[in-house]
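S.K.: Have a look at this one before I ask anything.
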Amino acid sequence: MSQINKLKILNDPIYGFITIPNTLVYDLIQHPYFQRLRRISQMGMSYLVYPGAHHTRFHHALGCMHLMQKAVQTLRFKGVEISTEEETALYIAILLHDIGHGPFSHAMEHSIVEDVHHEEISLLFMNQLNKEFDGKLSLAIQIFKGDYHRKFMLQLISSQLDMDRMDYLKRDSFYSGVAEGNINSERLIQMMNVENDILVIEEKGIYSVEKFLVARRLMYWQAYLHKTSVVAELILTKILKRAKELTQKGIVLPSSEPLQFFMQNKITLNEFTPNILKQFALLDDFDIVSAIKSWQFHDDYVLSSLSSMIINRDLMKIQMSEEKISKEQLIDFKTRYIEKHQLSEKEAEYFVFKGKLKNQAYNKTGEPIHILKKDRSIEDVVEASDQLHLKALSKPVTKYYICFPKVLLES
């Protein structure tokens, strides 16, 4: 049998050609668990605001791996020793860092599974793949968990300036058309170095870091926390919560078998057996969309109303405020909606609710972005920068919101 050529080249609209570095990485990309990411949108419900934002987690994972190849190349050029095993482990860890995402990315973590974070599911997938690939992912898992002695490797995968953030800002900016997020990842990677086992950015790259942080803040307000994306995601979460509630009362809702399974069972992290992981791997955006399409005609008022809001993009009103939303306003809206549609208090909570959003471009309490000065000393970027706005960027900004049906504005 002839050997398949596994050293493929992929064409990416952002970086041009991306090469698959070795056969192990190729086989992982070919695995059904990874191919599933083609059916999971990267920006959740943002396509309802930015029609171009239909790119997937598959796209993003490959982009991250490409940036990791550039980072390894740069660090080796600067004399940082990285063995072939470590190099492959870095590619695998960054490639699989998001493999645990459920349909529409974040909306699922609070509805389909019971508060299980996608990173925990990613680790379960990695362990499962490690069994299938005879332990070849062991080092990647060690780095991903932060158990490997070379600390800078984890920083390349998960920190305030990692390959993940560099790719998603550039990619999401490209597909949504929000130009403010377009960062210079090439330049940032060229400025990377390792000092005392810490990932650092050389001082001459400080302006690129500043631009990266500003871009991150703007992308959050303009894209990720855009009020329409937020309200759509909240409605999606409520739909799944309602569907789960009805299913557990014995009402059979039309949906795919894997979705049916998660509706019928409460799954916490402890219950995630390999079989449940298999079920989870069968879920993607298509299960959700096709279910919602049929649920819009269901005779449960809550489920059908919320479902048709998403399908027809006729969403609820969301009002943002710097101040906390008063209890009186919430009760007033709720009471009026109950009277209008003869709903119970519990049902009305699906339509009138409040919450808050937090945006912090740079977290001073976390692992800082380290700047390597000319005298080889290391400083936090906020201290090293002469820009006052960086201090402002590290303050969390909180906005409060209230959501309610548009009809309440008319009455």
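The values are calculated or read from the model by the stated rules, or taken from the named source; none is laboratory data. No experiment lies behind these values; they were computed from the predicted model shown. Note: ideal-geometry Cβ built from the backbone for every residue, glycine included; neighbour counts use all protein chains shown. Just so you know, the surface numbers come from the protein's heavy atoms only, side chains and all, with ligands and any DNA or RNA stripped out. Shrake-Rupley method; radii C 1.70, N 1.55, O 1.52, S 1.80 Å.
S.K.: Heavy atoms only, probe 1.4 angstrom, no DNA, RNA or ligands counted: give me Asp314, Asp167, Asp27, Asp300 ranked by accessible area, highest first. Let's see the in-between values first.
M.R.: Values: Asp314 90, Asp167 0, Asp27 50, Asp300 25 Å².
Accessible-area ranking of Asp314, Asp167, Asp27, Asp300, largest first: Asp314, Asp27, Asp300, Asp167.
S.K.: So, with +1 on the Cβ of K and R and -1 on the Cβ of D and E, and no other charges, what is the size of the charge dipole of the stretch 66-145 about its Cα centre, to the nearest 20 debye?
M.R.: Working: 6 positive and 12 negative charges, 83 e Å.
I would put it at about 400 debye.
S.K.: Angle between the Cα long axis of helix 84-95 and the longest principal axis of the chain, 0 to 90 degrees, nearest 10?
M.R.: Once rounded, the angle reads 20 degrees.
S.K.: Explain nothing, just compute: Karplus ³J(HN,Hα) = 6.51 cos²θ - 1.76 cosθ + 1.60, θ = phi - 60°, for every residue of the stretch 126-138 in order, whole Hz, x for Gly and Pro.
M.R.: Per-residue couplings from phi come out as 4, 5, 5, 5, 4, 5, 5, 9, 6, x, 6, 9, 4 Hz.
S.K.: Which of the aspartates and glutamates could a cross-linker span from Lys327 if the Cα-Cα distance has to be under 12 Å and same-chain partners fewer than 8 positions apart are dropped?
M.R.: Partners within reach: none.
S.K.: Going by alpha carbons, how many degrees (0 to 90, nearest 10) lie between the helix axis of 57-77 and the longest principal axis of the chain?
M.R.: Taking Cα atoms only, the helix is inclined about 20 degrees.
S.K.: D for the stretch 16-161, whole µm²/s, Stokes-Einstein with Kirkwood Rh over alpha-carbon pairs at 10 °C and 1.306 mPa s: what number?
M.R.: Values: Rh = 16.0 Å.
Using the Kirkwood radius from Cα pairs, D works out to 99 µm²/s.
S.K.: I need the trypsin sites (Lys or Arg not before Pro) found in the stretch 52-81, filtered to DSSP loop residues with at most 16 other beta carbons within 10 Å of theirs. Walk me through the numbers on the way to the answer.
M.R.: Working: sites: Arg57, Lys70, Arg76, Lys78; in loops: Lys78.
Those that pass, being in a loop and sparsely packed, are Lys78.
S.K.: Hey, can you grab everything whose amide H is under 5 Å from the amide H of Lys317? Only 5+ residues off in sequence or another chain; H modelled, so Pro and N-termini drop out.
M.R.: Phe404, Lys406
S.K.: If I ignore ligands, DNA and RNA and count only protein heavy atoms, how much of Thr268 is accessible to a 1.4 Å probe, in Å² to the nearest 10?
M.R.: Rounded to the nearest 10, the figure is 50 Å².
S.K.: Here is a further query. Please state the Cα pair-distance histogram of the stretch 282-381 with 5 angstrom bins from zero: what percent is in each bin?
M.R.: 2, 9, 13, 13, 12, 11, 9, 8, 6, 6, 5, 3, 2, 1, 0
S.K.: Using the structure shown, select from Lys334/Lys364; Lys70/Lys364; Lys238/Lys340; Lys227/Lys278 the pairs with a Cα to Cα distance greater than 29 angstrom.
M.R.: Details: Lys334/Lys364 39 Å; Lys70/Lys364 27 Å; Lys238/Lys340 20 Å; Lys227/Lys278 34 Å.
Lys334/Lys364; Lys227/Lys278, as the Cα separations exceed 29 Å there.
S.K.: Still on this model: May I ask you to give the solvent-accessible area per residue for the chain, in square angstrom, as obtained with a 1.4 angstrom probe? Each step should come with its number before you reach the end.
M.R.: Details: 18650 Å² over 411 residues.
Per-residue accessible area for the chain comes out at 45 Å².
S.K.: Suppose each label sits 7 Å from its Cα in the direction of the beta carbon; what would the Arg313-His117 distance come out to in nanometres?
M.R.: In this crude label model, Arg313 to His117 measures out at 3.4 nm.
S.K.: Okay, next question. Obtain the nm distance between the two label points defined at Gln30 and Thr273 by a simple spin-label model: each point lies 7 Å from its Cα along the Cα-to-C-beta direction.
M.R.: 3.1
S.K.: Next question. Using a simple charge model, +1 on the beta-carbon of Lys and Arg, -1 on the beta-carbon of Asp and Glu, nothing else, what dipole does the stretch 221-273 show about its Cα centre, in debye to the nearest 20? Let's see the in-between values first.
M.R.: On the way: 7 positive and 4 negative charges, 49 e Å.
The dipole magnitude comes to about 240 debye.
S.K.: Right, something else. If the cut-off is a Cα-Cα distance under 19 Å, which lysines reach Lys6, setting aside same-chain residues fewer than 8 apart in sequence?
M.R.: The reachable lysines, counting only those whose Cα sits under 19 Å from Lys6, are Lys136.
S.K.: Another question, if that's okay. Could you work out the per residue convex hull volume over the alpha carbons of the chain, in cubic angstrom? Write out the running numbers ahead of the final one.
M.R.: Numbers: hull volume 66.0 nm³, N = 411.
Taking the convex hull of the Cα positions in the chain, it is 161 Å³ per residue.
S.K.: Additional query: Tell me the angle of helix 285-295 to the major Cα principal axis of the chain, expressed in degrees between 0 and 90 and rounded to the nearest ten.
M.R.: 10
S.K.: Using DSSP to define loop residues, name the GluC sites (Glu not before Pro) in the stretch 224-330 whose beta-carbon has at most 13 other beta-carbon atoms within 10 Å. Intermediate values should be presented prior to the final figure.
M.R.: Working: sites: Glu233, Glu245, Glu271, Glu322, Glu323, Glu328; in loops: Glu322, Glu323.
Here the sparse-neighbourhood loop sites are Glu322, Glu323.
S.K.: Within the chain, what whole-number % of the accessible surface is contributed by carbon and sulfur, with the 1.4 Å probe and all protein chains included in the calculation?
M.R.: Working: 9720 of 18650 Å².
The C+S portion of the solvent-accessible surface of the chain is 52 percent.
S.K.: Under the Karplus relation 6.51 cos²θ - 1.76 cosθ + 1.60, θ = phi - 60°, what is the ordered set of whole-Hz ³J(HN,Hα) values for the stretch 359-375, x standing for Gly and Pro?
M.R.: Those phi angles translate into 10, 9, 5, 9, 9, 5, 7, x, 5, x, 7, 8, 9, 8, 7, 5, 8 Hz.
S.K.: Per residue of the stretch 269-281, in order, report the coupling 6.51 cos²θ - 1.76 cosθ + 1.60 (Karplus, θ = phi - 60°) as ³J(HN,Hα) in whole Hz, putting x for Gly and Pro.
M.R.: Calculated HN-Hα couplings, in order: 4, 5, 8, 6, 6, x, 5, 5, 4, 4, 4, 4, 5 Hz.
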